Amino acid sequence: MRKHFLLIALICSIFVACGPKPELPTVATVAVDYITENSASCAGEVVDDGNADIITQGFCWSTEQNPTLHDNVVEGGYTELLQREKAAPVYFSADLSGLLPSTEYYVRAYATNSEGTAYGENINFVTLEATPEEPIEPETQYEYVDLGLPSGVKWAAYNVGATTPEGYGEHYAWGEIETKETYESSNCSSYYKDLGDISGKPEYDVATSKWGEGWRTPTLADIYELVTQCQWILTEVNGVSGFNVVSNVNGNHIFIPAAGFRSKPAEDAAGVDGALDQGKWGYYWTTTPYSEELEGGKNTNTRACFLTFSSGGYMTDQGLRRSGFSIRPVRD
């Protein structure tokens, strides 16, 4: 019986001794595609596992030829759609990232078994040129003052076209969003048009058009609130006459300069820079149209309500839409 056991052991040892000897695997670098300015996709194949299990596989890359595991490395995953009809998967892929634009790279597939690591052939490629980014215009942040008004409306710190509280800014005809050389009935686009209240309508409200969504020219109701909820103190800021409007609620204030108005060609008008009454009177449009029917007349849609003031006081009034008045924006 002992002889039988020795015979069986001898036969087994012969079979083991005759088994294939492990060696380095054979691996191929198949392709590099989907190249962008900072990435690329790689495919590789384990051609022969070297009679030993593959421990890991992937890609190494560098700007120099023949990259190894001491350079940049990424492990590859097996791709189910590209498998050969074998028991074990042989194709693998991975993405390279963090590459530099317009740069030549070399990449090699690798595979490691118990005998060591083998490499595929070099494939070189060049990343795409960087696409210049569109410059992002910074959003202008216009200053406003919270006067604590019951409506919650906040008033801009300066006029449209100005950058300081005492700056006069620009003058606009009612319902128009651009300045012009002359301010006459014949070139006033809002004349004889029933536009209703234009507050917040960018095609008619210059505050919304110039400063963006959220800003608007005040309504007549906004002006009434400003008048009744604040103290109006005649003063000068940096030599510019106007009113310091101080909140009765929280003491915050805005300065509104006497910016004058425009009604004729600049070369024919009196005042500073072609503006009439500049430094003496202020004229500020509201978005509320004036209806002549309130006085029993015919509504011709040629007038609108505005705020006016001088050293003698302040009031609301109605005037011809053709006149070039100042705009002091508000936001809700």
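As a summary of the residue check, residue 221 satisfies the conditions (1) out of contact with any helix residue (DSSP H, G or I) (no Cβ under 9 Å at 6 or more places or on another chain); (2) surrounded by 19 or more Cβ atoms within 10 Å (Cβ to Cβ); (3) at pLDDT 95 or above except for the one numbered (2). Which of the residues belonging to segment 110-121 are within 17 Å of residue 64 (Cβ to Cβ) and not hydroxyl-bearing (Ser, Thr, Tyr)? Within segment 110-121, 120, 121 qualify.
The condition (being outside any loop (DSSP other than H, G, I, E, B) and in contact (Cβ under 8 Å) with a residue 40 or more places away in the chain) is satisfied by just one residue among 130, 118: 118.
If you go through segment 302-317 and keep only what is buried (at least 18 other Cβ atoms within 10 Å of the Cβ) and polar (S, T, N, Q), you end up with 302, 308.
Of all residues in segment 211-227, those being outside any loop (DSSP other than H, G, I, E, B) and under 20 Å from the mean Cα position of the chain (by Cα) number 2. Do you know which residues across segment 33-61 are over 16 Å from residue 115 (Cβ atoms) and crowded, with 16+ Cβ neighbours inside 10 Å? Listed by number, the residues that qualify are 35, 40, 42, 43, 44, 45, 58, 59, 60, 61. Among the residues making up segment 77-115, those that are at pLDDT below 55 and not in a loop (DSSP other than H, G, I, E, B) are 80, 81, 82.
Please state which one of 208, 163, 179 is in a loop (DSSP other than H, G, I, E, B) and free of Cβ contacts under 8 Å to residues at least 12 places away in the same chain. Steps first, answer last, please.
Working: 208 fails: in a loop (DSSP other than H, G, I, E, B); 179 fails: free of Cβ contacts under 8 Å to residues at least 12 places away in the same chain.
Residue meeting the stated conditions: 163.
For the condition in contact with a helix residue (DSSP H, G or I) (Cβ under 7 Å, 6 or more places away or on another chain) and not in a loop (DSSP other than H, G, I, E, B), residue 249 does not qualify. Among the residues of segment 182-200, are any assigned to a helix (DSSP H, G or I), in contact (Cβ under 8 Å) with a residue 60 or more places away in the chain, buried (at least 16 other Cβ atoms within 10 Å of the Cβ) and not hydroxyl-bearing (Ser, Thr, Tyr)? No - not one qualifying residue is present in segment 182-200.
The values are calculated or read from the model by the stated rules, or taken from the named source; none is laboratory data. This is a predicted model, so every value here is computed, not measured. Cβ sites come from the backbone with ideal geometry, for glycine too, and all protein chains shown count toward neighbours.
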